[in-house]
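Undergrad: To start, I am sharing the structure in question, which I have written as structure tokens.
Nothing in this text is a laboratory measurement; each read-out follows from the coordinates by a stated rule. Bear in mind the structure is a predicted one, so any value in this text is a computation, not a measurement. Quick reminder, even Gly has a Cβ in these numbers, built from the backbone with ideal geometry, and neighbours come from all protein chains shown.
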Amino acid sequence: MEKSIFNFKIQYQDGSIIDLHKDKELWVSSFRILSPSPNHITEQIEGQHGSRYLGTTLKDRKITSSISIEAIDPVDFDLFRDELFQIFNPLNKFYIIRDLQPGKRMLVSVANEFDIDYLTLEDGEFDIEFVIHSVFLESVGTTLDELSYEANVWQFGQGLLAEDVSYIHHSTTFQIYNAGNVEIDPRFVSFVITFSGASNNLQIINTTSGDIWKHFGITESGDVITLDRVKAFKNGESIFKDTNFKAIKLKPGWNLFEIKGALSNFEIKFNSRFYYL
């Protein structure tokens with residue numbers, strides 16, 4: 001059977017993958033990602049027209065898809081229906097990776113119930129809705145993967161640059177590139193910074209975003225400091241109380257960094273995915 005251009009893969013949290021066309025011979029006739037829906041926060045001011053704008057957040061993002069199935073006979077169709085209920089189990093969150101953009105994935109839940117319409121006793125179709133709770137799509141690859149299209153985790157349209165870009169540095173000033181169009185904020189997404197080496201009152205400064213992380217202590221050669229989202233560790237033990245309780249974010253595009261308090265022969269490494277509207 002010919003493959004639909006809207007075909008997609010499901011990647012479960014355990015890493016297993018189902019290709020709807022290749023593995024299940026399903027025909028995805030449509031796949032629509034709705035735009036982000038804004039939630040404008042305002043307050044009414046007595047005696048004034050309109051309202052005062054306080055900010056905007058984004059609501060859950062919806063996806064709709066139509067899928068057709070074929071079976072050998074009515075019994076096979078009935079069994080296939082049960083299998084589809086398991087594939088699209090609403091108790092499990094999973095990633096969708098579209099064939100049209102294989103370098104991006106979206107973490108979704110099944111939004112509601114779906115019913116399979118019987119076209120014949122062997123053929124049917126159903127509409128299914130998903131919800132992206134985090135709103136954003138994310139890159140399949142990470143900053144520590146090879147940043148080339150030959151790595152098979154990247155695609156055109158992800159903001160990658162033709163020039164060499166590194167996420168491992170040994171100098172006190174350097175730049176880190178966020179190829180996505182969304183800020184990387186460790187309060188909401190996975191972002192790990194690793195510092196290896198000796199230091200005295202280490203500071204990691206993103207001068208582009210204005211973020212400064214400080215450690216009030218020392219490390220010896222061979223010690224490793226890990227900033228994992230908003231947590232901080234030294235050789236696996238928490239040092240959060242010995243910090244200024246801040247986090248480092250990455251603005252879209254280039255971010256200029258400065259390291260203070262680092263002694264000789266250190267290494268700093270950045271590991272994240274990129275995020276997209």
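Undergrad: How tilted is helix 74-87 with respect to the longest principal axis of the chain? Cα atoms for both, answer in degrees (0 to 90, nearest 10).
TA: Orientation of helix 74-87: about 10 degrees from the principal axis.
Undergrad: So what's the net charge close to I248: Lys and Arg +1, Asp and Glu -1, counting the other residues with Cβ under 10 Å from its Cβ? Please report the intermediate quantities before stating the final value.
TA: Details: positive: K246, K249; negative: D185, D211.
With Lys, Arg at +1 and Asp, Glu at -1, the neighbours total 0.
Undergrad: Let's see if you can work this out: charge +1 on each Lys and Arg Cβ, -1 on each Asp and Glu Cβ, no other charges. What is the dipole magnitude of the stretch 1-44 about its Cα centre, in debye to the nearest 20? If you can, show how the numbers build up before the last one.
TA: Numbers: 5 positive and 6 negative charges, 28 e Å.
Here the size comes out at about 140 debye.
Undergrad: Further question: Under a straight-distance cross-link criterion of Cα-Cα below 17 Å, which lysines are reachable from K93, leaving out those fewer than 8 residues away in the same chain?
TA: Within the straight-line limit of under 17 Å, K93 reaches these lysines: K9, K62, K104.
Undergrad: Next up: Taking Rh as the Kirkwood radius, which is the inverse of the mean 1/r over Cα pairs, what is the Rg/Rh value for the stretch 106-238?
TA: Across the stretch 106-238, the Cα-based Rg/Rh ratio is 1.14.
Undergrad: Go ahead and estimate [θ] at 222 nm for the chain from helices alone: -39,500 (n - 2.57) per DSSP H run with n ≥ 4, summed, over the residue count, rounded to 500. Please list the in-between numbers first.
TA: Values: 1 runs with 14 residues, N = 277.
Result for the chain, helices only: -1500 deg cm²/dmol.
Undergrad: On to the next question. What's the magnitude of the charge dipole for the chain around its Cα centre, counting Lys and Arg as +1 and Asp and Glu as -1 at the beta-carbon? Answer in Debye, nearest 20. Mind dumping the intermediate values first?
TA: Details: 26 positive and 39 negative charges, 359 e Å.
The dipole of the chain has a size of about 1720 debye.
Undergrad: Which semi-axes, in whole Å and largest first, does the equivalent ellipsoid of the stretch 8-135 have when worked out from the alpha carbon gyration tensor as the square roots of 5 times its eigenvalues?
TA: Numbers: eigenvalues 285, 56, 29 Å².
Equivalent ellipsoid semi-axes, largest first: 38, 17, 12 Å.
Undergrad: Would you work out which of I63, N7, F80 lies farthest towards the positive end of the dipole of the stretch 1-84? Charges go on Cβ: Lys and Arg +1, Asp and Glu -1.
TA: Farthest towards the positive end: I63.
Undergrad: For the chain, I need the span (max minus min coordinate) of the C-alpha atoms along each principal axis, in Å, sorted largest to smallest.
TA: Result for the chain: principal-axis Cα extents of 73, 61, 37 Å.
Undergrad: What is the gain in length, in nm to one decimal, between W254 and N271 on full extension, counting 0.36 nm per residue of separation less the C-alpha to C-alpha distance? Numbers along the way, then the final one.
TA: Details: separation 17, 0.36 × 17 = 6.12 nm, distance 1.54 nm.
Stretched out fully, the W254 to N271 stretch lengthens by 4.6 nm.
Undergrad: Obtain the nm distance between the two label points defined at Q155 and Q86 by a simple spin-label model: each point lies 7 Å from its Cα along the Cα-to-C-beta direction.
TA: Each label point lies 7 Å from its Cα, and together they span 2.9 nm.
Undergrad: Then there's this: Taking the dipole about the Cα centre of the stretch 143-276, with the C-beta of Lys and Arg at +1 and of Asp and Glu at -1, give me whichever of W254, N200, V165 is farthest to the positive side.
TA: With unit charges placed on the Cβ atoms, the residue in question is N200.
Undergrad: Something else: Sorted by mean Cβ packing within 10 Å, highest first, what order do the peptides 5-11, 251-257, 170-176 take?
TA: Packing order, densest peptide first, comes out as 5-11, 251-257, 170-176.
Undergrad: Placing +1 at every Lys and Arg Cβ and -1 at every Asp and Glu Cβ, with all other atoms neutral, what dipole size does the stretch 143-276 have around its Cα centre, in debye to the nearest 20?
TA: Working: 12 positive and 15 negative charges, 119 e Å.
For the stretch 143-276, the charge dipole is close to 580 debye.
Undergrad: Please arrange D76, D82 by counting, for each residue, the other beta carbons lying within 10 Å of its beta carbon, fewest first.
TA: Values: D76 12, D82 9.
Listing D76, D82 from fewest to most nearby Cβ atoms yields D82, D76.
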